[in-house]
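Each value in this text was obtained by applying a stated rule to the coordinates, not by laboratory testing. Small disclaimer: the values here were computed from a predicted structure and weren't measured. Note that each Cβ is placed from the backbone with ideal geometry, even for glycine, and that neighbours are counted across all protein chains shown.
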Amino acid sequence: ACSSRYVLSQMHPMWQGPLAVPGGDRQSPIDIVVRKSVFDPALKPLTAEYDPHTCQQIWNNGYSFLVEYDDTTDKSTLKGGPLKDKFRLCQFHFHWGESNAWGSEHTVDRRLFPAELHIVHWNSDKYSLFEEAVMEDNGLAVIGVFLKVGKRHEGLQKLVDALPAVRHKGSVVEFNRFDPACLLPSNTDDYWTYHGSLTTPPLTEAVTWIVMKQHIEVSHDQLAVFRSLLFTSAEEEVQKSMVNNFRVQQPLRGRTVRSSFS
Ligand SMILES: COc1cccc(CN2CCc3cc(OS(N)(=O)=O)c(OC)cc3C2)c1
Ligand SMILES: [Zn+2]
């Protein structure tokens, strides 16, 4: 599944530099310059059909916490939008800052958000495993949702309450019946889309990014629990707070960002 115990050494923020990656002209994240995005009327609405029973566990991989799903069947899928094929949900995770002033990976006209949700899917029409899809141009689809600090997000609270159990790198806790659709904004018809990469190793240029125009709101206290997680494992002497786990922005290299709205 997409939760193979991947070598985490590259996960440490130190790898944020210009790690040599295949091609290197379709890297993520980027700044979305609204006035340079091109409205594409052919872009359809997104269809996310998630079965909460495929939710399996939460894992602190030493860079973020991942909520992982059983991706051995097509029970939780994403289709429509810019996608030609059906994509299978495998995990979601977040990126956040040490303060509310920054933390997102993408920006909109340079505007930073305190955090960003990524819901990761792989192309199950063309490939049979995440590990295969992660190496292909049309292999992955990631939905990005910006988080703003405001009212408490009721749906998120179940996840927040489970986080102390995965405080340290390498910890896993069982987590069931969570529908990531509750983390999507009310309007999922308005989004930007572009071809880019994973923002953590293996950084492969396999991602169709779908970044929602509408953000969701979470409370200050909920975000504070994200920051109570640690990059370090229980055995390490010096504990490091898991904050600022975002990659530096990458050059656009002539790519066009399309919008589903005018
Ligand atoms: C061949 O490389 C892999 C195979 C199976 C699983 C993995 C683990 N990896 C998948 C992609 C991914 C992507 C992640 O972030 S992101 N922003 O979507 O690139 C991420 O953030 C914490 C974690 C992971 C975990 C890598
Ligand atoms: Zn991510």
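I'd like to know which of Ser37, Leu156, Ala133 lies farthest towards the positive end of the charge dipole of the chain, counting +1 on Cβ of Lys and Arg and -1 on Cβ of Asp and Glu.
Of the listed residues, the answer is Ser37.
Suppose every Lys and Arg Cβ carries +1 and every Asp and Glu Cβ carries -1, with no other charges. What dipole size does the stretch 184-262 come out with about its Cα centre, to the nearest 20 debye?
440 debye
Express in whole angstrom the spacing between the alpha-carbon centres of the stretch 207-248 and the stretch 48-113.
Centre-to-centre distance over Cα atoms comes out at 13 Å.
Please state the relative contact order of the stretch 52-116 as a whole percent: Cα pairs under 8 Å, 6+ residues apart?
Numbers: 106 pairs, mean separation 14.4, N = 65.
The normalised contact order for the stretch 52-116 reaches 22 percent.
Got a sec? Charge dipole of the stretch 173-259, +1 on Cβ for Lys and Arg, -1 for Asp and Glu; which of Tyr191, Asn244, Val225 is way out at the positive end?
Tyr191
Within the stretch 72-154, how many Lys pairs that are eight or more residues apart, or on different chains, come under 18 Å at the alpha-carbon?
Total qualifying Lys-Lys pairs in the stretch 72-154 comes to 5.
What does the charge dipole of the chain about its Cα centre add up to, to the nearest 20 debye, if the Cβ of each Lys and Arg holds +1 and the Cβ of each Asp and Glu holds -1?
So the dipole magnitude of the chain works out to roughly 700 debye.
Which Cys in the chain stand alone, with every other cysteine's Cβ at 4.7 Å or more from theirs?
That list is Cys55, Cys182.
Along the Cα→Cβ direction, 7 angstrom out, place labels at Val34 and Arg177. What is the inter-label distance in nm?
About 4.1 nm, to one decimal.
Calculate the FRET efficiency for Glu217 and Lys126 from the Cβ-Cβ distance with a Förster distance of 45 Å, rounded to the nearest 0.05.
0.80
Excluding same-chain residues fewer than 8 positions from Lys36, which lysines have a Cα within less than 21 Å of its Cα?
Output for Lys36: Lys44, Lys213.
With springs only between Cα atoms under 10 Å, which of Gly170, Gly62, Gly150 fluctuates most in a Gaussian network model of the chain?
In this elastic network of the chain, the residue with the biggest mean-square fluctuation among Gly170, Gly62, Gly150 is Gly150.
Give me the dipole magnitude in Debye, nearest 20, for the stretch 39-143 about the Cα centre, with unit charges on the beta carbon: positive for Lys and Arg, negative for Asp and Glu. Before the final figure, lay out each step's value.
Working: 9 positive and 17 negative charges, 65 e Å.
Here the size comes out at about 320 debye.
Please name whichever of Ser76, Ser104, Pro202 sits farthest to the positive end of the charge dipole of the chain, dipole taken about the Cα centre and charges placed at Cβ: Lys and Arg +1, Asp and Glu -1.
Result: Ser104.
Sorted by mean Cβ packing within 10 Å, highest first, what order do the peptides 51-59, 37-45, 137-145 take?
On the way: 51-59: 18.8, 37-45: 12.2, 137-145: 23.2.
So the order, starting with the most tightly packed, is 137-145, 51-59, 37-45.
Would you mind classifying the chain by shape? Square roots of the alpha carbon gyration tensor eigenvalues, ordered a ≥ b ≥ c; an a/c under 1.5 is rounded, otherwise it is prolate if a/b is larger than b/c and oblate if not. Can you show the working numbers first?
Details: a/c = 1.29, a/b = 1.25, b/c = 1.04.
Rounded shape, in that the Cα axes give a/c under 1.5.
Rounded, prolate or oblate: which fits the stretch 83-174, taking a ≥ b ≥ c as square roots of the Cα gyration tensor eigenvalues, rounded meaning a/c under 1.5, else prolate when a/b beats b/c?
oblate
Starting from the Cα gyration tensor of the stretch 61-113, take the square roots of the eigenvalues, sort them a ≥ b ≥ c, and report rounded, prolate or oblate (rounded when a/c is under 1.5, otherwise prolate if a/b is larger than b/c, else oblate). Write down the numbers at each step before the final one.
On the way: a/c = 4.67, a/b = 1.58, b/c = 2.96.
Because a/c hits 1.5 or more and a/b fails to exceed b/c, the stretch 61-113 counts as oblate.
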